[in-house]
Amino acid sequence: MSVPSSPSQRRILIVDDDRMNIRILQSILQKEGFEIATADSGEGALEQYVAFRPHLVLLDVILPGIDGFETCRRLHATHGDTTAPIIFITAKAESDDVVTGLAAGGIDYLPKPFRPKEAIARIRIHLQNRLLLKQLAAANAAKNKFLGMAAHDLRNPLASIRGLAEFLEDPSIGPLNTEQLDLVRTIHAASQSMLRLVNELLDVSVIESGELKLAPVPTDIVQLVEKSIRLARIDAAKKLTTIVLAPPPAFPAPLAIDPDKITQVVDNLLSNAVKYSPPGALIDVAIAATAGGCRISVRDQGPGIPEHERDRLFQDYGRLSNKPTGGEQSTGLGLAICRKIVEAHRGEITANNLPGHGCEFSFTLPSAT
């Protein structure tokens, strides 16, 4: 593996209070064409990092002032995900020190005395990994942009097809025979399913691109849930399924949430409960007050979550082996979107199997977002 050829991937910051160690590392690295900056303290490293913008940091553990571990923590706290890879240089090899360094944000250790070939090999690997991660992030951003554009361009014609099918179903425009009516209803159901998929793809592309923006306003959570239940009962009635809301508590104040996004979460959980419960089932919905906000739960009478598939439950496109009981379609995106929306509100979403059969999906919301 060669050193990244781009000049922008050759800057290395060496932080060590021992001038001999710095000279040794400089001699090793400059022969390989790296650009070097140095600092002899943790505080100096923080300043030099901003001025030099290195692509990798070689950081001694024992330094005057703040030590290498704390320096590493502060770099990550300040620069976040853009922080350059940090390799600790130390004479210590105790496992506790290794664990502490990795927990502080380091990615590797370079032991003293330095072995030139080993040092170069480790540095090359981590610089190459950093470059590959940047390329992967750029490719992922391009994918999200493409998905967003494609979904946006498809949504309008699909909505038009659905609207025209609804128009044709209206008896006021003229009678249709049984065969024609079945065909129109098939077109309506197919366009509705495709539109739902396109909307979910658009949601995923927005969320993954970091553009998910909440618009929290004081919201009556009970009214929000009651409205979603009224709409969900329309589809539930087709399967003779009953949705019951337990008497909710009185909340002292509205919750500061994004009502559209939380409605999307509640609608999805209710839709899944209807979709995977057998015809004639009972779905229980409850709203409970918590110390920091509220908890909303939806209990179904479906088959539950296979334990060996639980890790896929809230993942993108994470379809399980369970099949909808009425032949409904599933994209595997709904629960992943729910998780991201709930976590953006600083809440948590969970799913647990109930004794016997059925599953309870629940999520929490803080009083302020």
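The values are calculated or read from the model by the stated rules, or taken from the named source; none is laboratory data. These numbers come from a predicted model, not from an experiment. Don't worry about glycine lacking a Cβ; one is built from the backbone with ideal geometry, like all the others, and counts go over all protein chains shown.
What are the residues in region 101-131 that are among the hydrophobic types (A, V, I, L, M, F, W, C) and within 16 Å of T82 (Cβ to Cβ), if any? Scanning region 101-131 gives I107, L127, L131.
Taking region 13-31 as the range and being of a type in the set (D, E, K, R) and either surrounded by 15 or more Cβ atoms within 10 Å (Cβ to Cβ) or outside any loop (DSSP other than H, G, I, E, B) (or both) as the test, the residues that pass are D16, D17, R19, R23. The single condition from (1) surrounded by fewer than 15 Cβ atoms within 10 Å (Cβ to Cβ); (2) modelled with pLDDT of 90 or more that L75 fails is (1). Listed here are the strands (runs of 3 or more DSSP E) enclosed by region 267-369 that have at least 1 residues being among the acidic types (D, E), modelled with pLDDT of 85 or more and touching a strand residue (DSSP E or B) at 6+ places or on another chain (Cβ under 7 Å): 282-290, 359-366. The condition (being surrounded by 15 or more Cβ atoms within 10 Å (Cβ to Cβ) and closer than 23 Å to N21 by Cβ) is satisfied by just one residue among A121, A84, A91: A84. Of all residues in region 19-36, those satisfying the criterion of being over 43 Å from the mean Cα position of the chain (by Cα) and not aliphatic (A, V, I, L, M) are R19, R23, S27. Considering only region 50-70, state which residues are within 12 Å of I86 (Cβ to Cβ) and in contact with a strand residue (DSSP E or B) (Cβ under 6 Å, 6 or more places away or on another chain). Result: P54, H55, L56, V57, L58, L59, D60, V61, G68.
Screening V50 against (1) modelled with pLDDT of 90 or more; (2) touching a helix residue (DSSP H, G or I) at 6+ places or on another chain (Cβ under 7 Å) leaves a single unmet condition, (2). Among the residues examined, A138 does not qualify as among the aliphatic types (A, V, I, L, M) and assigned by TED's automatic domain parsing to the domain that holds L25. Being surrounded by fewer than 16 Cβ atoms within 10 Å (Cβ to Cβ), closer than 24 Å to K31 by Cβ and at pLDDT 85 or above is a condition met by at least one residue of region 53-72. D260 meets all of the listed conditions (1) without any contact (Cβ under 8 Å) to a residue 24 or more places away in the chain; (2) in a helix (DSSP H, G or I) but one, namely (1).
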